[in-house]
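The structure appears below as structure tokens.
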Amino acid sequence: MALPSPRPGRTVVLAALTAAISLWMGGTAGWPGPRWRIWERNLEQQLLLWRGPRRPPPAVIVVPIDDASLQQAAWFSRSPNQPAWTRGTDTLPWPRAAYGELGRRLLAAGAKAVAINVVFEGPSGKGAADDEAFRRFLAGARGRVALAAEMLEPEDSRGAGGLTLVLPELFLPAIGGRAAVGLSNSLAPVPGEPLRHPEAYASGLLRAQGVESPPGLSTTLLRLAGWPARQADRRTGLNVYGPEGSFSRLPAWEVLDPQRWRNQPLRARLQDAVVVVGPVEGGRHATAFGPLSGLELLATATANSLQGDGLLPWPEADLRRALLAMLPLLVAGGLALARRPLVWRLGVVGAVLALQLLAAVLALQLNHRWIPLLAPASGLVLLALLHGGNAYLLEGRERRRLRQTFERYVAPSVVAEILADPESARGILRGRVLEVTVLFSDLKGFTELTRRRSAAGESERHVRQLNTYLGAMVAVISAHGGTIDKFIGDAVMAVFGSPLGRGPRYEAAAALRCALAMGERLRQLNEEWRLQGGEAAGEEPLASGVGLASGPVVAGQIGSPQRLEFTVIGDTVNRASRMEGLTRQLENPICLDGATAQLVADDPEFALHSHGQRAVKGLGEIEVFSAAAAHGGTAIGGGGPSGNMGLPPGPLPPP
């Protein structure tokens, strides 16, 4: 749909609103409020779900102390010959010696480094022998085992106040000091913020507060394995690989049980891998794929650092994010204003929106970057509503203009049909060639009557009677599907077949039927005026002549920019006017040309009579016909004899 030509001011307003929306959405992307952050995070989660789970690196393996391990230990402990590995491993906390045996087997299978996600604070509750067994393991695996530390916040600190670092003090000498220790803490989830890498707490928040602490446990694990992190962990969010259990898992009991360990197919995959060990009970962390345990979170952080695929907003600077969010809005707004059709404008906005979504998906999928999406997408939707609303207002204004234009000429039902396709309606106004029948009607002797009544001071009465007559004629013409073209004093010009046509034969028959009905209606008016007494007392009844001509015309709005009129022009119009003039000469109330006679010749409703070739001013010699109803009667009120009601033998002339 093409929009009507807007006023220049409307385009300026659209451009200003586009700029305002762009600035608004750009500012929102660069400096979002709390609720907007939540919405954007929800959108990010949806895109991650759309992307689906990813395959984690095979070099990171999880050894969970899960329900299966506890249940298996409990089942074996009830056996008469209880295996040694089940002693104390049916409940948490485990003996520290069990962790030592677990780590020993994993390292013996080829693991480069093992992280135990358990804080070993103080002496073991199982006795000094338990601590000594674990210490021997750590001493033999020095440089390959990372132990967890914990930072206690003020509300749960047992110190005098502030932060308290809990270290595995008993085992620091065995593992080589604090260099083999990593924090197990991570930042508490904040609504609207991504799940951050644990290093954001250890090296980010704590160091920003001037607190010296070990790095995150995942960082320590990779350093012991000799693998550098491939990203700035403290700035990134965790890019989860899927739901809980996405990493290769080797249940702890299958490592400790000698028979299961010998036949374990995952044993070969431990070669040159890093392993995270620990219970899977405890805190859960919400992600797009569901809650993750602390152990799964540690594995995810390790894998993200190893592959450099943590989530990071891009650009990171607020101003640059704002400018990037504004760019698609300005591009879409500029292109939309370049052309007026609504389809173009909405198509541009829709295309830019699709490209924006595609860019966000590709950036997330290929580069693990989160570019602004919610703000520009919202802005593009607002632009679509802006242009759609503008088109609706313009279309409504154009419809009202077209309706006002056509309702002056045609029946409301025809107007409704025209406005069903506004573009066609505008084509009608611009001009086109139509096959129509033109009707001219004029009152006989009305000029003399006007002069006489003006001299007698009866102008008001005269105008009232003329308006009554014209109103009645308009009603008759509209009832027969004609279009009122113009009034010329007491004369009426009507067109059948414009602006919409029902076929030349149909329109010619409707025009002739209308001419007969106009005569009957004038007869009724004369009778009404006679009965009223006073209005036309002592005066002859009004009589009229009607001329009809059929053929091509040019139809459209014609005039000056200050005054336009929808009308028809061409020889057919001139011929119809000449036919009306001949009604006085031939003393027949209805005269029509040969083209009209040809179109209605087969209609039994009419009786036609040829008057032969007649000289018509400006048109030369043409054959002229008169018409009446086939069953007799006066065709037009006040007229003379109707003449022969049949056509003479021989074919009619071509239209």
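The values are calculated or read from the model by the stated rules, or taken from the named source; none is laboratory data. If you're wondering where the values come from, they're calculated on a predicted model, not measured in any experiment. Neighbour counts run over all protein chains shown; Cβ positions are idealised from the backbone, glycine included.
Only a single criterion out of (1) at pLDDT below 90; (2) in a strand (DSSP E or B); (3) within 20 Å of Glu520 (Cβ to Cβ) is not satisfied by Ala607, namely (1). Scan region 269-327 for residues that are in contact with a strand residue (DSSP E or B) (Cβ under 9 Å, 6 or more places away or on another chain) and among the hydrophobic types (A, V, I, L, M, F, W, C) and the total you get is 19.
Considering the conditions (1) assigned to a helix (DSSP H, G or I); (2) outside the structural domain of Gly237 (by TED's automatic domain parsing); (3) surrounded by 19 or more Cβ atoms within 10 Å (Cβ to Cβ), Val331 is excluded by exactly one of them, (3).
Which residue is surrounded by the fewest Cβ atoms within 10 Å (Cβ to Cβ), if the candidates are limited to region 548-588 and must be under 17 Å from Phe625 (Cβ atoms) and touching a helix residue (DSSP H, G or I) at 6+ places or on another chain (Cβ under 6 Å)?
We begin by selecting, within region 548-588, every residue under 17 Å from Phe625 (Cβ atoms); these are 548-551, 572, 575-588.
Filter once more, so that each one left must be touching a helix residue (DSSP H, G or I) at 6+ places or on another chain (Cβ under 6 Å): 548-551.
On the way: Leu548: 31, Ala549: 31, Ser550: 29, Gly551: 20.
Here the answer is Gly551.
Checking region 88-107 against the condition returns no match, with no residue being without any contact (Cβ under 8 Å) to a residue 12 or more places away in the chain and either surrounded by fewer than 19 Cβ atoms within 10 Å (Cβ to Cβ) or in contact with a Gly (Cβ under 8 Å, 6 or more places away or on another chain) (or both). Within region 538-551, residues that are assigned by TED's automatic domain parsing to the domain that holds Arg505 and among the polar types (S, T, N, Q) have Cβ atoms under 7 Å from residues that are modelled with pLDDT under 90 and surrounded by 24 or more Cβ atoms within 10 Å (Cβ to Cβ) in these pairs: Ser544/Ile636, counting only partners at least 6 apart in sequence or on another chain. Just one of Pro228, Pro243, Pro215 is free of Cβ contacts under 8 Å to residues at least 40 places away in the same chain and under 30 Å from Ala98 (Cβ atoms); which is it? The unique qualifying residue is Pro215.
Checked against (1) in contact (Cβ under 8 Å) with a residue 24 or more places away in the chain; (2) under 22 Å from Leu608 (Cβ atoms), Asn526 passes all but a single condition, namely (2).
For Gly127, which of the numbered conditions (1) out of contact with any helix residue (DSSP H, G or I) (no Cβ under 7 Å at 6 or more places or on another chain); (2) within 27 Å of Arg235 (Cβ to Cβ) fails to hold? Among (1) out of contact with any helix residue (DSSP H, G or I) (no Cβ under 7 Å at 6 or more places or on another chain); (2) within 27 Å of Arg235 (Cβ to Cβ), Gly127 violates only (2). For region 454-502, the set of residues classified as over 50 Å from the mean Cα position of the chain (by Cα), closer than 20 Å to Thr437 by Cβ and surrounded by fewer than 22 Cβ atoms within 10 Å (Cβ to Cβ) consists of Ile488, Ala491, listed by residue number.
Restricting attention to region 126-147, the residues that are in contact with a strand residue (DSSP E or B) (Cβ under 7 Å, 6 or more places away or on another chain) and in contact (Cβ under 8 Å) with a residue 60 or more places away in the chain add up to 3. Among the listed residues Gly278, Gly290, identify the single one that is at positive phi, in the same structural domain as Gly110 (by TED's automatic domain parsing), assigned to a strand (DSSP E or B) and touching a residue at least 12 places away in the same chain (Cβ under 8 Å). Within the list Gly278, Gly290, the selection yields Gly278. Taking the criterion of being part of a helix (DSSP H, G or I) and either charged (D, E, K, R) or surrounded by fewer than 20 Cβ atoms within 10 Å (Cβ to Cβ) (or both), the residues of region 359-376 that qualify are Ala359, Val361, Leu362, Ala363, Gln365, Leu366. Screening region 200-275 for helices (runs of 4 or more DSSP H) wholly inside it with 3 or more residues that are out of contact with any Lys or Arg (no Cβ under 9 Å at 6 or more places or on another chain) and in the same structural domain as Ala146 (by TED's automatic domain parsing) returns the ranges 217-225, 258-262.
Checking each residue in region 120-164 for being touching a Ser or Thr at 6+ places or on another chain (Cβ under 8 Å) and either at pLDDT 90 or above or in a helix (DSSP H, G or I) (or both) picks out Asp130, Asp131, Phe134, Ala146, Ala148, Ala149, Glu150, Met151. Evaluation of Tyr409 against the conditions (1) of a type in the set (Phe, Trp, Tyr); (2) farther than 30 Å from Gly547 by Cα; (3) at pLDDT below 85 shows that the sole unmet condition is (2). Kindly indicate whether any position in region 173-194 is under 23 Å from Leu364 (Cα atoms) and crowded, with 19+ Cβ neighbours inside 10 Å. Yes; the residues of region 173-194 include at least one that is under 23 Å from Leu364 (Cα atoms) and crowded, with 19+ Cβ neighbours inside 10 Å. Could you please let me know if Gly620 is at pLDDT 90 or above, surrounded by fewer than 18 Cβ atoms within 10 Å (Cβ to Cβ) and not aliphatic (A, V, I, L, M)? Against the criterion (at pLDDT 90 or above, surrounded by fewer than 18 Cβ atoms within 10 Å (Cβ to Cβ) and not aliphatic (A, V, I, L, M)), Gly620 does not qualify.
All conditions but one from (1) within 12 Å of Gly278 (Cα to Cα); (2) touching a strand residue (DSSP E or B) at 6+ places or on another chain (Cβ under 7 Å) apply to Lys112; the one that does not is (1).
Selection of region 562-600 for residues being in a strand (DSSP E or B), touching a residue at least 40 places away in the same chain (Cβ under 8 Å) and over 21 Å from Ala517 (Cβ atoms) yields Glu565, Phe566, Thr567, Val568.
Checked against the criterion of being in a helix (DSSP H, G or I), closer than 30 Å to Glu527 by Cβ and among the hydroxyl-bearing types (Ser, Thr, Tyr), region 539-555 has no qualifying residue.
The residues of region 20-37 that are surrounded by 15 or more Cβ atoms within 10 Å (Cβ to Cβ), of a type outside the set (Ser, Thr, Tyr) and assigned to a helix (DSSP H, G or I), listed by number, are Ile21, Leu23, Trp24, Met25, Gly26, Gly27, Ala29, Gly30, Trp36, Arg37. Evaluating Ala629 against the criteria (1) farther than 21 Å from Glu435 by Cβ; (2) of a type outside the set (S, T, N, Q); (3) out of contact with any helix residue (DSSP H, G or I) (no Cβ under 6 Å at 6 or more places or on another chain) leaves one unmet condition, (3).
The number of residues in region 209-248 that are under 45 Å from the mean Cα position of the chain (by Cα) and not hydroxyl-bearing (Ser, Thr, Tyr) comes to 16.
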